[in-house]
1. Please count how many residues of segment 164-207 are more than 22 Å from the chain's Cα centre (by Cα), open to solvent by less than 60 Å² (accessible area, probe 1.4 Å), under 19 Å from Arg122 (Cβ atoms) and of a type outside the set (Val, Ile, Thr).
2. Filtering segment 49-65 down to residues that are touching a Leu at 6+ places or on another chain (Cβ under 9 Å) and not charged (D, E, K, R), which residue is surrounded by the fewest Cβ atoms within 10 Å (Cβ to Cβ)?
3. What number of residues within segment 145-156 are open to solvent by 10 Å² or more (accessible area, probe 1.4 Å) and either closer than 30 Å to Ser10 by Cα or part of a loop (DSSP other than H, G, I, E, B) (or both)?
4. Restricting to segment 51-75, and then to whatever is within 9 Å of the ligand (Cβ to nearest atom) and in contact (Cβ under 8 Å) with a residue 60 or more places away in the chain, can you tell me which residue is nearest to Asn19 (Cα to Cα)?
5. Only one of Leu37, Leu46 is open to solvent by less than 20 Å² (accessible area, probe 1.4 Å), touching a Ser or Thr at 6+ places or on another chain (Cβ under 8 Å) and over 20 Å from Ile243 (Cβ atoms). Can you tell me which?
6. Out of segment 88-144, which residues are part of a helix (DSSP H, G or I), over 20 Å from Lys167 (Cα atoms) and not hydrophobic (A, V, I, L, M, F, W, C)?
7. Hey, among the residues in segment 88-106 that are away from the ligand (no atom under 16 Å from the Cβ) and surrounded by fewer than 17 Cβ atoms within 10 Å (Cβ to Cβ), which one's farthest from His32 (Cα to Cα)?
Amino acid sequence: MHISVLSTESIKQLKIKKNGIYIDATFGYGGHSNLILKKLNQYGKLFSIDKDPESIKFSKKIKDPKFNIIHDNFSNIYKLSIKYNIEKKIDGILLDLGISTPQINTPERGFSFKIDGPLDMRMNPNYGISAADWIANATENELSSVIKNFGEERFHKKIAYHIFQRKKIKPIRRTIELSEIITKIISHKKRKKHPATKTFQAIRIYINKELEEIKKVLKNSLKILKKGGRLVVISFHSLEDRIVKKFMNKYGKKPSIPRGLPITEHQIDKFKKIKLKIIKKIKPTTIEILKNPKSRSAILRVAEKI
Ligand SMILES: C[S@@+](CC[C@H](N)C(=O)[O-])C[C@H]1O[C@@H](n2cnc3c(N)ncnc32)[C@H](O)[C@@H]1O
């Protein structure tokens, strides 16, 4: 089961027009897509994307002529909009970043540090290399920099050292093997979360090129939204949210010009870049966090194409 996060708010912020065209770029298990479909009339259209074949299989349950499912990376949103002839006709794009509950809870997918499974971590297991294969070939420095940059893990050097020493003796192929290396060297007492949380997050982000994907989809969404179209993004950790915030500020924040001073070339350039109106930032309510603890770190940001 996947409980969609900030679903009421995100759908409200999409300002759905009955006959509009929408993209749910992270279909997952269809929570948000189903809510969008309910608001469309027979002339409306929803294009949902996911890179995970399991999500695509699940989507086949939706029998609605307004619904179109696409198995692809969301960074390809521009090419896809040309293919489906919806470029610049899109009224709203929703991104609910991160991974779904079934992905994390299915041991065979290799995302969980709690349940044993093959150390895979690919959202699309038919593409790219698994976490186990990457670890097998990574240098100590590479391990350390991934764990530092994508996990913001304070003990990145220590963890990288121990992973590296352990893999010299025996390859690390299982999630529990990796998780045990970390729990042996970092005590539970020192932190609120499981000691392997940040390392697993880091490797997952690296393996799936998550941050690059987000940068690309945001940029491409600007090209395909129509005037007044909404961009609604839910992120789950600071690395994602920082990218979204920076992007919205870059295209949405007007330069401040001190009164009485002439406008500089630089400020004119910045004005020309303005393509978005920043609408708002929303966090889950205490009630939502109580119902779905996974929502506690979620942040929803909304902008509108101008
Ligand atoms: C948090 S879940 C979305 C849940 C969904 N909103 C729901 O209500 O069921 C994120 C989904 O996005 C997909 N995803 C993540 N990065 C992607 C990418 N770069 N391209 C396409 N799909 C991606 C994942 O496979 C996962 O199914």
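The values are calculated or read from the model by the stated rules, or taken from the named source; none is laboratory data. Keep in mind it's a predicted model, so treat the numbers as computed, not measured. Cβ: placed from backbone, ideal geometry, glycine included. Neighbour counts: every protein chain shown. For the accessible areas, the whole protein counts, side chains as well, though only heavy atoms, and no ligand, DNA or RNA atoms are used. Shrake-Rupley method; radii C 1.70, N 1.55, O 1.52, S 1.80 Å.
1. So the count comes out to 3.
2. At the first step, the residues of segment 49-65 found to be touching a Leu at 6+ places or on another chain (Cβ under 9 Å) are 49, 62, 64.
Cutting the leftovers down to not charged (D, E, K, R) gives us 49, 62.
Details: Ile49: 25, Ile62: 17.
Looking at residues that are touching a Leu at 6+ places or on another chain (Cβ under 9 Å) and not charged (D, E, K, R), I get Ile62.
3. The total comes to 5.
4. Within segment 51-75, the match that is nearest to Asn19 (Cα to Cα) is Phe74.
5. Numbers: Leu37 fails: touching a Ser or Thr at 6+ places or on another chain (Cβ under 8 Å).
The match here is Leu46.
6. Kept after step one, since they are part of a helix (DSSP H, G or I), are these residues of segment 88-144: 101-105, 107-109, 131-137, 140-144.
Keeping just the survivors that are over 20 Å from Lys167 (Cα atoms) gives 101-105, 107-109.
Within segment 88-144, Thr101, Pro102, Gln103, Asn105, Pro107, Glu108, Arg109 qualify.
7. Restricting attention to segment 88-106, the residues satisfying the condition of being away from the ligand (no atom under 16 Å from the Cβ) are 88-91.
With the extra rule that they be surrounded by fewer than 17 Cβ atoms within 10 Å (Cβ to Cβ), the set shrinks to 88-89.
Numbers: Lys88: 22, Lys89: 20 Å.
Here the answer is Lys88.
Listed here are the residues, each with its yes/no results for (1) closer than 23 Å to Lys193 by Cα; (2) away from the ligand (no atom under 16 Å from the Cβ); (3) modelled with pLDDT of 95 or more.
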residue: Asp116; (1), (2), (3): yes, yes, yes
residue: Leu119; (1), (2), (3): yes, yes, yes
residue: Pro125; (1), (2), (3): no, no, yes
residue: Ala131; (1), (2), (3): yes, no, yes
residue: Asn137; (1), (2), (3): no, yes, yes
residue: Asn141; (1), (2), (3): no, yes, yes
residue: Asn149; (1), (2), (3): yes, yes, yes
